[in-house]
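Asks: The following block contains the structure, expressed as structure tokens.
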Amino acid sequence: MKHIRNFSIIAHIDHGKSTLADRMIQKCKLISDREFKDQLLDNMDIERERGITIKSQTICLPYQARDGQTYDLNLVDTPGHVDFSYEVSRALTSCEGALLLIDAAQGVEAQTLANLYLAMENDLEIIPVINKIDLPSAEPEKVALQIEEDLGLDGSLIQYCSAKTGKGVEDILEAIVKHLPPPEGDPDKELQALIFDAHYDAFRGTIISVRIINGTIKAGDVIRFMSNGTEYRVEEVGLFKFRREAEKKLSAGQIGYILAGVKTVRDTRPGDTITLRDRPCAKALPGFKEVQQVVFSSLYPISTDDYEDLAAALEKLQLNDAALSFQKDSSAALGFGFRCGFLGLLHLEVVQERLEREFDVSLILTVPSVKYNFYLSDGTKIEVDNPAHFPDPAKIQRVEEPFIRATILIPERYMGAVMTLCMERRGENTSYHYPMPGRIEFTCELPLAEVIYDFYDRLKSITQGYGSFDYEMLDYRLSDLVKLDILVNGEIVDALSQLVHRNNSRARGLHACEMLKEEIPRQMFKIAIQAAIGGNIIARTNVSALRKDVTAKCYGGDISRKRKLLEKQKEGKKRMKTVGNVDIPQTAFLAVLRSE
Ligand code: GTP
């Protein structure tokens with residue numbers, strides 16, 4: 001155990017986490033330079049494009065230190081977004097230390113702080129690393145001062161590097177060996193293995209990432225998941241080298257994988273404890289939470305022929321994404337689809353993009369919703385996350401909606417703007433304090449529904465990227481909820497209905513009408529777009545009628561041009577849904593989701 005170091009890299013987006021990880025892999029000669037591809041750790045397409053790590057991967061680096069000894073440095077990668085903060089906290093729990101990576105040109109930013117707090121809560125030893133010192137705009141001294149004075153970290157530990165050129169990277173590896181404590185734990189005690197991640201492999205089943213806290217595990221052992229009591233026989237254990245490498249056993253302090261024929265990642269829950277059936281531990285490790293879907297939306301294929309494909313794609317995705325839930329749903333406007341549950345809006349966007357890109361299905365999404373509690377006059381309580389299930393208003397006694405406690409970290413100068421934003425979003429019980437000079441930590445109780453509606457984007461824009469945000473679920477509170485319907489030429493488009501607070505209903509209705517007006521192409525007749533609550537119209541717009549035939553301008557012209565135009569129209573038609581006699585393009589459904 002003396003020769004193991006378990007650590008993560010925590011950083012604000014784009015400060016160079018993946019680049020540094022790649023450079024470390026290279027320095028440890030885990031693979032030949034020829035095999036080396038950039039961005040080894042972030043290998044999902046979407047991650048690369050959006051530049052954010054979504055699914056973490058772990059790697060075990062054999063490092064020969066200057067003291068002549070070889071150390072196993074286990075780098076646990078973490079996702080970097082609030083939707084995944086529970087996953088981040090589980091990953092950090094499996095480490096003793098963390099590199100706090102800061103861009104020398106940008107300095108300390110919001111996420112740096114949020115992640116640092118998370119690391120400190122987990123009692124991790126922190127090594128500050130200032131990256132990108134090769135940049136002409138780098139100000140390493142200034143950043144070092146921030147680290148010492150604002151963050152209160154030990155300045156003598158600061159490492160300077162350029163992940164791009166490789167300068168200083170070896171010193172970082174050396175600092176990890178020197179300053180991070182080796183893991184503790186007793187290999188002879190009852191097994192306690194912390195699950196911090198799981199991936200699906202078509203041949204081997206679920207690959208469970210674990211940190212062995214106490215005890216030892218080997219192939220042939222029968223393991224038990226403490227959260228639900230299910231048992232499996234271990235087929236293989238091993239370490240995450242460049243590829244998986246089987247080992248005879250894993251014991252206390254180590255990070256590695258377990259293969260036990262677990263069919264889907266849903267059976268392995270991050271934060272759960274694995275123990276042995278024949279010699280179980282007395283208590284599960286603390287901090288386990290069931291994943292909770294908080295945002296719900298229906299997905300429909302644009303072409304009804306794609307329904308089976310969508311079903312297959314969702315099933316495939318779920319193999320690797322235990323946090324995604326789905327069940328059949330149907331809409332008069334859009335046909336058959338699926339009601340899906342997500343961890344948050346980013347999770348929803350990622351799933352949507354993966355379905356469209358990897359599985360090649362074009363989708364329409366409905367307005368995301370949270371889960372509401374309805375208390376009815378006959379004494380029953382029902383949970384509703386889908387506007388289609390809105391009960392008869394005459395029977396509703398009261399409705400409750402979920403509230404969260406938001407923690408927002410901002411430089412002092414943005415206090416006023418953030419306060420205003422929270423008030424606009426029906427915030428309650430605000431309070432604040434100064435965790436460090438010039439910085440305010442602002443807490444506020446907010447309806448979750450107000451947060452899933454572009455809160456994070458607004459926060460980022462009003463604080464110029466300096467606001468960081470985290471939240472926890474609080475409780476359910478009384479709400480004045482209504483169902484907002486959108487009518488196109490007098491027909492309700494059920495897929496556009498949404499559940500909104502009465503105070504927001506007019507603004508949302510108007511917004512939906514305006515967006516649809518822009519997106520629905522003019523047709524041969526006038527199209528009325530209306531927003532309504534119950535039978536009451538609360539907003540309306542019109543799309544005026546088209547006067548000329550689109551091909552008219554081609555008459556007398558060249559025939560191939562005319563054909564092209566018609567083909568283009570046909571292509572466009574594929575991405576349209578016909579409701580009543582009106583063609584509504586996919587973009588219109590998406591536009592309604594966008595905020596003002
Ligand atoms: P997330 O996955 O979003 O957390 O981003 P990241 O922190 O992994 O950032 P990434 O490694 O993708 O680097 C972001 C950008 O900074 C890339 O364009 C890198 O090439 C660049 N970069 C990283 N390290 C350095 C460095 O030392 N010097 C310079 N000049 N650029 C760097």
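The values are calculated or read from the model by the stated rules, or taken from the named source; none is laboratory data. Here the structure is a predicted model, which is why all the values come from computation and not from measurement. All Cβ positions, even for glycine, are placed from backbone atoms using ideal geometry, and neighbour counts span all protein chains on display. Note: areas computed on protein heavy atoms with side chains; ligands, DNA, RNA excluded. Shrake-Rupley method; radii C 1.70, N 1.55, O 1.52, S 1.80 Å.
Asks: Enter the Cα centre distance for the pair segment 188-249 and segment 451-493, rounded to the nearest angstrom.
Replies: Each part reduced to its Cα centre gives a spacing of 40 Å.
Asks: While we're on this one: Scaled to the compact-protein estimate 2.2 N^0.38 Å, what is the alpha-carbon radius of gyration of segment 89-128, rounded to two decimal places?
Replies: Relative to the rule-of-thumb radius for its length, segment 89-128 sits at 1.15.
Asks: Any number yet on Rg/Rh for segment 295-366, C-alpha, Kirkwood?
Replies: With Rg and the Kirkwood Rh in hand, the quotient comes to 0.92.
Asks: Report the Stokes-Einstein translational diffusion coefficient (µm² s⁻¹, integer) for segment 175-316, Rh taken as the Kirkwood radius over Cα pairs, at 4 °C with viscosity 1.567 mPa s.
Replies: Numbers: Rh = 16.7 Å.
Approximately 77 µm²/s, per Stokes-Einstein.
Asks: Once the cut-off is 43 Å, how many percent of the Cα-Cα pairs in the chain end up in the long-distance tail?
Replies: On the way: 53092 of 177310 pairs.
It works out to 30 percent of all Cα pairs.
Asks: Does a label point 7 Å from the Cα of Ala507, set along Cα-to-beta-carbon, have any residues of segment 431-467 with amide nitrogen under 20 Å, and which are they?
Replies: What the label zone holds, given the 20 Å backbone N cut-off, is 444-464.
Asks: Among the trypsin sites (Lys or Arg not before Pro) within segment 173-265, which fall in a DSSP loop and have no more than 16 other Cβ atoms within 10 Å of their own Cβ?
Replies: Those satisfying the criteria are Lys189, Arg204, Lys241, Arg243, Lys248, Lys263.
Asks: Quick one: what do you get for segment 306-409 if you divide its Cα Rg by 2.2 N^0.38 Å? Don't skip to the answer; put the middle values down first.
Replies: On the way: Rg = 16.3 Å, N = 104, 2.2 N^0.38 = 12.8 Å.
This ratio for segment 306-409 stands at 1.27.
Asks: Here's a follow-up. For the chain, what relative contact order do you get, as a whole percent, if you take Cα pairs closer than 8 Å and at least 6 residues apart?
Replies: Reported relative contact order: 10 percent.
Asks: Let me see the P(r) profile for segment 373-479: every Cα-Cα distance counted, bins of 5 Å, each bin given as a percent of all pairs.
Replies: P(r) over segment 373-479, rounded to whole percents: 2, 12, 21, 19, 13, 10, 8, 7, 4, 2, 0, 0.
Asks: Ranked from highest to lowest mean number of other Cβ atoms within 10 Å per residue, what is the order of the peptides 577-590, 15-28?
Replies: Order by mean packing, descending: 15-28, 577-590.
Asks: Sticking with this one: Would you work out what percent of the accessible area of the chain, with all protein chains in place, is carbon or sulfur (probe 1.4 Å)? Walk me through the intermediate numbers first.
Replies: Details: 12760 of 26940 Å².
The C+S portion of the solvent-accessible surface of the chain is 47 percent.
Asks: Just the accessible area per residue of the chain, please: how many Å² with a 1.4 Å probe?
Replies: On a per-residue basis, 45 Å².
Asks: Note down the magnitude of the dipole of the chain about its Cα centre, charges +1 on Lys and Arg C-beta and -1 on Asp and Glu C-beta and zero elsewhere, to the nearest 20 debye.
Replies: That gives the chain a dipole magnitude of about 1840 debye.
Asks: Let's test the formula: R0 of 22 Å, r as the Cβ-Cβ distance of Asn429 and Ile396. What FRET efficiency results, to the nearest 0.05? Walk me through the intermediate numbers first.
Replies: Working: r = 27 Å, r/R0 = 1.21.
Here the calculated transfer efficiency is 0.25.
Asks: Can you compute the helix-only [θ] at 222 nm over the chain? Use -39500 (n - 2.57) per DSSP H run of at least 4 residues, normalise by all residues, nearest 500 deg cm²/dmol.
Replies: The helix contribution divided over the chain gives -7500 deg cm²/dmol.
Asks: Now for a separate question. With the cut-off at 19 Å, tell me which of the pairs Lys27/Lys167; Lys29/Lys167; Lys395/Lys483; Lys17/Lys178; Lys2/Lys164 have Cα atoms farther apart than that.
Replies: Correct reply: Lys17/Lys178; Lys2/Lys164.
Asks: In Å and on Cα atoms, what radius of gyration and Dmax does segment 192-276 show?
Replies: Rg then Dmax for segment 192-276, in Å: 11.2, 33.
Asks: Here's something else I'd like to know. Which FRET efficiency value, to the nearest 0.05, is calculated for Glu141 and Phe242 with the Förster distance at 41 angstrom and r the Cβ-Cβ distance? Present the calculation step by step, with values, prior to reporting the outcome.
Replies: On the way: r = 37 Å, r/R0 = 0.91.
So the FRET efficiency works out to roughly 0.65.
Asks: Oh, and also: Asp278 to Lys2: FRET efficiency via 1/(1 + (r/R0)^6), r the Cβ-Cβ distance, R0 25 Å, to the nearest 0.05? Display every interim value, and only then the final one.
Replies: Working: r = 29 Å, r/R0 = 1.17.
The formula returns an efficiency of 0.30 here.
Asks: Quick one: Karplus J couplings for segment 293-298, per residue in order, coefficients 6.51, -1.76, 1.60, θ = phi - 60°, nearest Hz, x for Gly and Pro?
Replies: The phi angles translate into 6, 10, 10, 10, 7, 9 Hz.
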